[in-house]
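Engineer: Before anything else, here's the structure in question.
The values are calculated or read from the model by the stated rules, or taken from the named source; none is laboratory data. Just so we're clear, the structure is a prediction, and the values are computed from it rather than from any experiment. Using ideal geometry, Cβ is built from the backbone for each residue, glycine included, and neighbour counts are taken over all protein chains shown. These accessible areas exclude ligands, DNA and RNA; they are computed on the full protein's heavy atoms, side chains included. Shrake-Rupley method; radii C 1.70, N 1.55, O 1.52, S 1.80 Å.
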Amino acid sequence: MKIIAFGGSNSTHSINKHLATYAASLFANAEVEVLDLNHFAMPVFSVDLEKEIGQHEVAQSFLNKLKGADILVVSMAENNG
């Protein structure tokens, strides 16, 4: 079983990334890959820009990672302070 986990923040100290990593580690006999959103940085994208230049290659790379997973573990909504 392949698990992809990530936190919905690009903070290097993201508590959501830690939570997603921990939650994914609880599955027995699973291959876990933790993604760092900093490795998928790209400009703000829109439907108009996609019509003009097609899908951004970094976005496609991220989607390909997600397609390869049996389970996604995602932690979102980091509202500190």
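Engineer: Of the heavy-atom accessible surface of the chain (probe 1.4 angstrom), what whole percent is carbon and sulfur?
Structural biologist: On the way: 3070 of 5620 Å².
Accessible surface attributable to carbon and sulfur in the chain totals 55 percent.
Engineer: Shifting gears a bit: Applying 1/(1 + (r/R0)^6) with R0 = 22 Å to the Cβ-Cβ distance of PHE45 and SER11, what FRET efficiency is obtained, to the nearest 0.05?
Structural biologist: Efficiency at R0 = 22 Å is approximately 0.60.
Engineer: Among the lysines, select those whose C-alpha is under 28 Å from the C-alpha of LYS2, and discard any that sit fewer than 8 residues away in the same chain.
Structural biologist: Filter leaves LYS17, LYS65, LYS67.
Engineer: Under 21 Å Cα to Cα from LYS51, which lysines show up? Leave out anything in the same chain fewer than 8 places away.
Structural biologist: By straight Cα distance, LYS51 reaches no lysines at all.
Engineer: Can you give the calculated 222 nm mean residue ellipticity of the chain, where each DSSP H run of n ≥ 4 adds -39,500 (n - 2.57) and the sum is split over every residue, rounded to the nearest 500 deg cm²/dmol?
Structural biologist: -10500 deg cm²/dmol
Engineer: Step through the residues of region 49-54 one at a time and calculate ³J(HN,Hα) from phi using the Karplus curve (6.51 cos²θ - 1.76 cosθ + 1.60, θ = phi - 60°), rounding each to whole Hz and writing x for Gly and Pro.
Structural biologist: Karplus values, whole Hz, x for Gly and Pro: 5, 5, 4, 6, 10, x.
Engineer: Out of every Cα-Cα pair in the chain, what percent are more than 22 Å apart?
Structural biologist: Counting every Cα pair in the chain, those more than 22 Å apart make up 33 percent.
Engineer: Moving to a separate point now. When ligands, DNA and RNA are left out and all protein chains stay put, how many square angstrom of accessible area per residue does region 6-60 have with a 1.4 Å probe?
Structural biologist: 71 Å²
Engineer: Mind checking the angle between helix 15-25 and the chain's longest principal axis? C-alpha axes, 0 to 90 degrees, to the nearest 10.
Structural biologist: Rounded to the nearest ten degrees, it is 60.
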